[in-house]
Each structure stands twice: as C-alpha cells, then as structure tokens.
Amino acid sequence: MLHNLLPNAVDFDTRIAGKNTHLLILKNDRGVTVALSDFGARIVSLLVPDREGLLTDVVLGFPTIRGYIDAAEQYHGATIGRFANRIADGKFTLDGQTHTIGPNHGRNVLHGGENGFHRQVWDRRVNYLQQADFYYVSASGEAGFPGKLAVRVKYRLTDNNELIISYRAETTEPTVINLTNHAFFNLNGEGNGDVLGHMARINADHYLPVDQAQVPTGAVASVANTPFDFRKAKTIGRDIGQPHDQLTPHGGYDHTYVLNTGPGPSAAIVSPDSGICLEVFTNEPGLQFYTGNALDGADVGKQGKPYGQYGAFCLETQHFPDSPNQPKFPSTQLLPGETFQSETTYRFSVVKAMDRTLDW
C-alpha cells in the first residue's frame, strides 16, 4: 500500500541548471515515511498513521518534479532563504551600505526573491535510512544579498515519529539570514478538504500586525480579545471570517506569532477526523501561521485532487519578517566567524478522544 502513497523516484530524476535531482526516502521503525527532493531541499510527502493505523500523507505536494517547477504555489515543502517572509521594498541597510533585492511580491521581497533557495538544486552528501543532509552555497551577491553563505539543512526522522529539521549557516561577509520550511499541512490527508475544522493552539500572547502589503508595522499586539488568540484550543475556522482589519484584507491568517518561551510545544494542531496531532517545537522567536488563503485550486496534488482555499495550514518557524528594517525586532544579522543555527521539530501522534486535546 505504501508504494501507492509515495511518488515514484523516477519521476523526480531530471536535470535543472546542470544539476541532477532525486527523490530520497526516510523511514522509521513505526512506518512513518518522509520523501524529500534536493530541488529546494523540500519535503515531498510525509506519511503518518491516523487513529485507525492507516498511513496518511499530511503534506501537500506533487507526484513529479515537473509539478514543483510549474506550480502556482512555488513554496510547497521547500527550504526558504536567504530570508524567509518579507523585506519591505526589497531594501535593507547593513553597516551603512544599502542592499537591494529584486521585488517578487508587489513592491516587497518574499521568501528570498524569485530565485530563492526554493528554486535551487541542493547538494546531498549524507543519506541514511533516517537522515538526509542537504548543502547549498549561495554566492556573494546572489539575489542581492551580501556574503558567500554556506548552508546545511539536516532532516532527521526519529522512532518517536518526530521530523527534526536543523539549519546551519556561515558567511564570508556581514549579511542577514532567516531560514524556515514551508510545508503545507492537512492532517486529514493532502487534498482532503479544508483545515477549518482542525483544532489549533499557539503558545503566544502577542502577534505582529501587518500593513496592506503584509509587512509588519513594527507594533507588537496582544492576541487577547482578538481572532488571533489561540492560547486555548479552538478550530482554525472559528474566527477566520470575523470582520477584522488584520484578517479581512488577507483572507485569513498569515501573521507572525511572538512565541512564549519555556518548555512545551510552540504550537499544536489536531484533526478531529483523522486523530492525527502535530506538535511543533523550535528555538526560533516567531511562528508564521498561514491558512492557505491564496490556494485557489490551480495546483492539483499527488492524489489528483485540487488544492483549494484553506486546504492547508503552515507553521513556519522563523525570525520576524522585515527584521533588517525593524531595529526593535530580534536581529537576523550574521557575521563572519559566527554560525547560524536553528532547529524545529514536528512531532506526530494520534489522539483517540478529543476531550483532552492540546492540553499543556
């Protein structure tokens, strides 16, 4: 049955910009299986058991490499860089020098620009049964970013049904960096309806309001008495349609949460239908919660089903958007001799009953 859920490796063998692409498979002793591609160092499939023990692919994506190349939504499952999220007007100043990145989202830069890390073929040097390491060297000046940046992304699948993503980077010149993974999750299975009935909890007392172009205003706002309050579990769809100046213009949630520090998950989401629960742990200060507002059915997934609005959610662990232009935000500057390190864990489990779901 597993072979019917996973894409065929041969459909991911091609050449892009003179480099070969492949499909890699990680599997643990419990049957959890992760398919990865070196095009964008991305997650292609993530199979986890539901409450009936049936494997379910909870990550949106495509059955062939061509699907990712031609997709309307370019970021499915990809490693995002050099700078995840938005940089206002495609400009920032570092050590008195202004750097310009070509805008690709209106007047702003989104996710590293048109040819960010999601469009690159990464090198692969290590591939074990439960671990794969990807490497990419971004030349100084690539997309307009200063410094030659050497990046490693490590995927490790544990026997506790955790997918751990570790990032490491070093630079030759002062630069800025913000890395994340852009997996689109549906815990009912990719393409199986919307996620509005999923129960969600986010461990954050504050979020970052944005302007009409979805760039943070610089304010840090309380979630109390707003649709953004997920400190107690509620369905994703409960408040998504409320009239609110931070929700209505953007069609749903697409905001950074300022994570509370301390033990426990940064966020947890569970599907009442499948019983699959996803917990997220990270050392990053922020979490971009996105509800697939722009999905419009143009992309058709691995099981031949179109991906419509609210057909997935994203939990993108990262520093804050536009940090190079926001001195009050945590710094994203990286200097020569320093090492950027970040880690995020996606932990999967099964909830048998919903009465105690998401307690922490």
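For the chain, a Gaussian network of Cα nodes joined below 10 Å ranks G31, G144, G18 by mean-square fluctuation, and the top entry is G18.
Placing unit charges on C-beta atoms (Lys and Arg positive, Asp and Glu negative, everything else neutral), compute the dipole magnitude of the stretch 1-113 about its Cα centre in debye, rounded to 20.
The calculation lands at about 300 debye.
The stretch 215-261 and the stretch 1-60 have Cα centres separated by 32 Å.
Note on the stretch 94-190: dipole from Cβ charges, positive end direction compared against G102, Y136, N188; the farthest Cα belongs to Y136. Spacing of the modelled spin labels on Q341 and D239, each 7 Å from Cα toward Cβ, amounts to 3.7 nm.
Each residue of the stretch 251-267 is assigned a 3J(HN,Hα), and the resulting list reads x, x, 7, 7, 9, 8, 9, 8, 5, 6, 8, x, x, x, x, 6, 7 Hz, derived from the Karplus form 6.51 cos²θ - 1.76 cosθ + 1.60 (θ = phi - 60°), x at Gly and Pro.
Taking a Cβ cut-off of under 11 Å around T180, the surrounding Lys, Arg, Asp and Glu residues balance to a net charge of -2, with basic ones at +1 and acidic ones at -1. When +1 charges are put on Lys and Arg Cβ atoms and -1 charges on Asp and Glu Cβ atoms, the dipole computed for the chain relative to its Cα centre reaches about 420 debye. Ranked by the mean number of other Cβ atoms within 10 Å per residue, highest first, peptides 212-220, 35-43 order as 35-43, 212-220. Under 18 Å from a label point set 7 Å out along the Cα-to-Cβ vector of D273, the amide N atoms of the stretch 46-64 belong to 46-61. Of all the options T98, T339, T171, the one that moves most in a Gaussian network model of the chain with Cα springs shorter than 10 angstrom is T98.
Rounded, prolate or oblate, given the Cα gyration tensor of the stretch 144-227, with a/c below 1.5 counting as rounded? Judged from the Cα gyration tensor, the stretch 144-227 comes out oblate (a/c at least 1.5, b/c at or above a/b). Rounded to 0.05, the FRET efficiency of the T172 and D229 pair, given R0 = 41 Å and the Cβ-Cβ distance, is 0.40. Per-residue ellipticity at 222 nm, computed for the chain from helices alone with -39500 (n - 2.57) per DSSP H run of at least four residues, works out to -500 deg cm²/dmol.
Please label the shape of the stretch 203-272 as rounded, prolate or oblate, based on the square roots a ≥ b ≥ c of the eigenvalues of the alpha-carbon gyration tensor (a/c under 1.5 means rounded; beyond that, a/b larger than b/c means prolate, else oblate). Oblate is the answer for the stretch 203-272, as a/c is 1.5 or above yet b/c matches or exceeds a/b.
Could you compute how fast the stretch 276-340 diffuses translationally, taking Rh as the Kirkwood radius over C-alpha pairs and applying Stokes-Einstein at 4 °C with viscosity 1.567 mPa s? Give it in µm² per second.
Numbers: Rh = 14.8 Å.
D, rounded to a whole number, is 87 µm²/s.
Got the relative contact order for the chain handy, in percent, Cα pairs under 8 Å and 6 or more residues apart? Once divided by the residue count of the chain, the mean separation gives 18 percent. For the stretch 277-349, relative contact order (Cα pairs under 8 Å, six or more residues apart, normalised by length) works out to 43 percent.
Rounded to the nearest Hz, the phi-derived 3J(HN,Hα) couplings of the stretch 217-230 under the Karplus curve 6.51 cos²θ - 1.76 cosθ + 1.60 (θ = phi - 60°) are 6, x, 7, 10, 10, 6, 7, 4, 6, 10, x, 8, 7, 10, where x marks glycine and proline. Taking other residues whose beta carbon is less than 10 angstrom from the beta carbon of I269, and scoring Lys, Arg as +1 and Asp, Glu as -1, yields 0. Between Q212 and A17, the contour length at 0.36 nm per residue exceeds the alpha carbon distance by 66.6 nm. GNM remark for the chain: springs join alpha carbons under 10 Å apart, and the peak mean-square fluctuation among E142, E338, E190 falls on E338.
Every read-out reported here was derived from the displayed coordinates using simple, explicitly stated rules and does not represent laboratory data. Since this is a predicted model, take the numbers as computed values, not measurements. Positions of Cβ are backbone-derived with ideal geometry, glycine not excepted, and every protein chain shown enters the neighbour counts.
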